[in-house]
Amino acid sequence: MKRRSLMKAAALVAAMGMGTAAFAQDAEKKIIGVSIPSATHGFMGGLNWHAQDTIKRLGETYPNLEFVLSTAGDPSKQVNDIEDMMATRNIDALVVLPFESEPLTAPVKAVKDAGKFVTVVDRGLSQEGIEDLYVAGDNTAFGRVAGEYFRENLEPGSKVVVLRGIPTTLDNERVEAFQKALEGSEVEILDMQHGNWNRDDAFAVMQDYLSKYPQINAVWAADDDMAIGVLEAISAANRNDEMWVIGGAGMKEIVKRIMDGDKQLPVNVTYPPALISSAIEMTALNFVSNAPMTGRFIISSQLITPENAEQYYYPDSPF
């Protein structure tokens, strides 16, 4: 889904909210905990901004709803935050974007087992079926769309390297879809290492790739922050003309370079950080309306090209 379409969806949710605001005035007070990773890179910076903006707006719209927001720079801090929300605030619902899947699964299950409404965002848990609501981008499409571009724009015998994100279910889904899209193409994946969706880590991984492989035709960075780190490493090695790079998520700096026809960044794949807004709004509606808010809400991934990049360029966006 294009960012503009997502904004339309959010507007529809807001319109629904206007119809329930009067009901909410007299409703029982509910506390919604929101636990997300810290703004350690551009995508998370945008996501944090959208979370804060949505909480402020919903708090003004629904006086019976109270929000508790916590951010964490590692899984152990996030586990402690969630346990604290349960112990000291007795939250009625939890919206959680896990820092990592495995260490957050048991703590989130404990929240669900206590009878709370649970919304999991983006990075799924390692055990299926715990949450009431799952909101994410289409991670399979994210990997497939990128893989199809590689397949269609590289000659047989071309060699590529891949940077993976933090070990999570969504990273697995993306990589598996990318690999499947390349099956039978005779495009060789030389290596795959974790850059952890971090610019500095990606720089170090790409330096390693450049030292080991004399031929690299393209790089799937799978994230725009990692793409920037990759580009810096390529430039430092003076190999700019040898390969192009595809990131992901639609960072405004990357989209602008696509608009300008940068050959090293031919395309991008969408994955909007505003998905946290959808998750928080839908969780709120569970308490202020009779609309069903359980299941899976998946936001599709689109290919950003020089021809359509202007539709995805928001110069005032935090990401």
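At a glance:
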{"item": "Accessible heavy-atom area order of K112, K263, highest first, probe of 1.4 Å", "result": "K263, K112"}
{"item": "The chain shape via C-alpha gyration tensor axes, a/c threshold 1.5", "result": "prolate"}
{"item": "Cα-centre dipole for the range 54-167 with unit charges at Cβ (Lys and Arg positive, Asp and Glu negative), debye to 20", "result": "180 debye"}
{"item": "Within the accessible area of the chain (1.4 Å probe), percent carbon and sulfur", "result": "48 percent"}
{"item": "Most positive-pole-ward Cα, G261, S289, W244, against dipole of the range 240-319 from beta carbon charges", "result": "S289"}
{"item": "On Cα atoms only, tilt of 101-113 relative to the major axis of the chain in degrees", "result": "20 degrees"}
{"item": "For I189, solvent-accessible area (1.4 Å; no DNA, RNA or ligand), Å²", "result": "50 Å²"}
{"item": "Added length on full extension, which subtracts the Cα-Cα distance from 0.36 nm per residue, S126 to N290", "result": "56.0 nm"}
{"item": "Formal net charge of residues neighbouring M293 (Cβ-Cβ distance under 11 Å; K, R +1; D, E -1)", "result": "-2"}
{"item": "Surface accessible to a 1.4 Å probe, W220 within the full protein complex, Å²", "result": "0 Å²"}
{"item": "Over the range 37-169, relative contact order from alpha-carbon pairs under 8 Å, at least 6 apart, %", "result": "18 percent"}
{"item": "Accessible area (Å², 1.4 Å probe, nearest 10) - R57", "result": "80 Å²"}
{"item": "Among the listed pairs K77/K180; K180/K263; K109/K159, those beyond 31 Å (Cα-Cα)", "result": "K77/K180; K109/K159"}
{"item": "Per residue accessible area in Å² of the chain, where ligands, DNA and RNA are left out and the probe is 1.4 Å", "result": "42 Å²"}
{"item": "Difference of contour (0.36 nm per residue) and Cα-Cα distance, A114 to Y213", "result": "30.4 nm"}
{"item": "Length-normalised contact order of the chain in % [C-alpha pairs under 8 Å, at least 6 apart]", "result": "21 percent"}
{"item": "Counting DSSP beta bridges with both ends in the chain, the antiparallel % (nearest 5)", "result": "5 percent"}
{"item": "Cα-centre dipole for the chain with unit charges at Cβ (Lys and Arg positive, Asp and Glu negative), debye to 20", "result": "600 debye"}
{"item": "Within straight-line cross-link reach of K56, aspartates and glutamates at Cα separation under 16 Å, skipping those fewer than 8 residues along the same chain", "result": "E66, E281"}
{"item": "Placed amide H near D122: partners under 5 Å, 5+ positions off or other chain", "result": "V135, A136, G137"}
{"item": "The chain: angle of helix 139-153 to the longest principal axis, Cα-based, in degrees nearest 10", "result": "20 degrees"}
{"item": "Cα convex hull volume per residue for the range 33-80 (Å³)", "result": "49 Å³"}
{"item": "3J(HN,Hα) from dihedral phi, the range 77-87, Karplus parametrisation 6.51/-1.76/1.60, rounded to Hz, x for glycine, proline", "result": "5, 5, 4, 4, 4, 5, 4, 5, 4, 5, 6"}
{"item": "Solvent-accessible surface ranking, highest first, for L303, L170 at 1.4 angstrom", "result": "L303, L170"}
{"item": "Cut-off under 5 Å, modelled amide H: who pairs with Y271 long-range", "result": "A249, G250"}
{"item": "Normalised contact order of the range 174-282, rounded percent, pairs of Cα under 8 Å and 6 or more residues apart", "result": "20 percent"}
{"item": "Pairwise FRET efficiency - D241 versus E186, Cβ, R0 = 30 Å, nearest 0.05", "result": "0.85"}
{"item": "Alpha carbon centroid spacing (whole Å) that separates the range 172-248 from the range 270-315", "result": "27 Å"}
{"item": "Order by protection proxy (mean Cβ within 10 Å, highest first), peptides 69-77, 179-187", "result": "69-77, 179-187"}
{"item": "Cut-off under 5 Å, modelled amide H: who pairs with V68 long-range", "result": "I32, G33, V34"}
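The values are calculated or read from the model by the stated rules, or taken from the named source; none is laboratory data. Just so you know, these numbers come straight off a predicted model, no measurement behind them. All Cβ positions, even for glycine, are placed from backbone atoms using ideal geometry, and neighbour counts span all protein chains on display. All accessible areas refer to the heavy atoms of the entire protein, side chains included, with ligands and DNA or RNA removed. Shrake-Rupley method; radii C 1.70, N 1.55, O 1.52, S 1.80 Å.
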